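Asks: Please see the structure below; I have some questions.
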Amino acid sequence: MDKSVATMAAAIADIADGMTIMIGGFGGSGAPIELIHALIDRFRATGSPKDLTIINNNAGNGRIGIAAMIDAGMVAKMVCSFPRSADPRAFTEKYLAGQIGLELVPQGTLAERIRAGGAGIPAFYTPTSYGTDLAAGKPTAEFDGRMYVQERWLKADVAIIKAELADRQGNLTYRKAARNFSPLMAAAAAVTIVQARQIVEPGEIDPEQVITPGLFVNRIVEISDAQQEEALMRAGVAH
């Protein structure tokens, strides 16, 4: 089954208003900048998709990537660990104006909620956030003399991630730290869309090196010259 598509526009064509989207990346590492920008271009041309819930480690930087999505008015809510990072202007302005929602999740809890979504585990307990505002209203329980907070899984309609290599069947490898949340997100989403530096033929990736099996991937587009978020910010780029 060949899951490769020719264009970014084709890869993201069925993302609709109101969807929950997981976007891979830890800051700029592993961020699928080109697919994000293609989604923004579609919104500017058609007015869709909008009212999105975005799940990511942070809420974007500068005027590119997720920050550019927020600037464009596409995002109704962020679910993240770091709403304020290097240049959080876009999120900060919208949040203070009451134009975007925020669900703040500790980083380890965020990763485990996504992993649980992919594993079919609807809830789990963690000591993180017990006794803080983040635990308000959540069930708690005591285990071995320590208090824990119940957290629910996170799932998404779509995951957008970046890979190093993909074969046409959707098996993926990642480049070093760019792996971060992406394998978890691919498993937790109903549809996974991938930009890969290179698409190869089935069998050209050693099965022992496959991180995300093709089972979790729906569409792949080759972006051989992907840009890096930090480099775009240093250059003052605004998408």
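Asks: Across the chain, how many lysine pairs separated by 8 or more positions, or lying on different chains, have Cα atoms within less than 25 Å?
Replies: 15
Asks: Counting pairs of alpha carbon atoms under 8 Å apart in space and at least six apart in sequence, what relative contact order in percent does segment 162-208 give?
Replies: Computed value for segment 162-208: 53 percent relative contact order.
Asks: Now for a separate question. Please give the length that would be gained between GLN209 and ARG44 if that part of the chain were fully extended, namely 0.36 nm times their separation in residues minus their C-alpha to C-alpha distance (nm, one decimal).
Replies: Value of the extension gain: 55.5 nm.
Asks: Right, here's the next one. Let me check against my output: what whole-number percent is the relative contact order of segment 117-172, with C-alpha pairs under 8 Å and at least 6 apart?
Replies: 35 percent
Asks: Tell me, what is the FRET efficiency for ALA238 and ASP133 to the nearest 0.05, using R0 = 41 angstrom and their Cβ-Cβ distance as r?
Replies: 0.75
Asks: Quick check on the chain: of the DSSP beta bridges with both residues there, what percent are antiparallel, nearest 5%?
Replies: Roughly 30 percent of the beta bridges in the chain run antiparallel, per DSSP.
Asks: Okay, moving on. Quick check: the distance between the Cα centres of segment 42-103 and segment 157-212, to the nearest angstrom?
Replies: Each part reduced to its Cα centre gives a spacing of 25 Å.
Asks: Does segment 6-46 come out rounded, prolate or oblate, given a ≥ b ≥ c as the square roots of the eigenvalues of its C-alpha gyration tensor, rounded meaning a/c under 1.5 and, failing that, prolate meaning a/b above b/c?
Replies: Prolate shape, in that a/c is at least 1.5 and a/b is the bigger ratio.
Asks: Looking at segment 156-239 from every direction and averaging, what is the projected area of its Cα convex hull in nm²?
Replies: Dividing the Cα hull surface by four gives the mean projection, 5.9 nm².
Asks: Turning to a different aspect of this structure: When only Cα pairs under 8 Å and 6 or more residues apart are kept, what is the percent relative contact order across segment 97-201?
Replies: The normalised contact order for segment 97-201 reaches 29 percent.
Asks: Do me a favour and compute the ellipsoid semi-axes for segment 91-239 from its Cα gyration tensor, root of five times each eigenvalue, largest one first, whole Å.
Replies: Calculated on Cα positions only, the semi-axes equal 33, 23, 13 Å.
Asks: Share of the chain's accessible area from carbon and sulfur, percent, 1.4 Å?
Replies: Summing carbon and sulfur atoms, their accessible area is 51 percent of the total for the chain.
Asks: With point charges of +1 on the Cβ of Lys and Arg and -1 on the Cβ of Asp and Glu, referenced to the Cα centre of the chain, which listed residue (VAL237, ALA166, SER224) lies farthest in the positive direction of the dipole?
Replies: VAL237
Asks: If you don't mind, another one. Provide the per residue accessible area, probe 1.4 Å, for the chain, rounded to a whole number of square angstrom.
Replies: The answer is 45 Å² per residue.
The values are calculated or read from the model by the stated rules, or taken from the named source; none is laboratory data. It should be emphasised that the depicted structure is a prediction, and the values quoted were computed from it without experimental measurement. In this analysis, Cβ positions are derived from the backbone assuming ideal geometry, glycine residues included, and neighbour counts consider all displayed protein chains. Heads up: the accessible areas ignore ligands, DNA and RNA and are worked out on the full protein's heavy atoms, side chains in. Shrake-Rupley method; radii C 1.70, N 1.55, O 1.52, S 1.80 Å.
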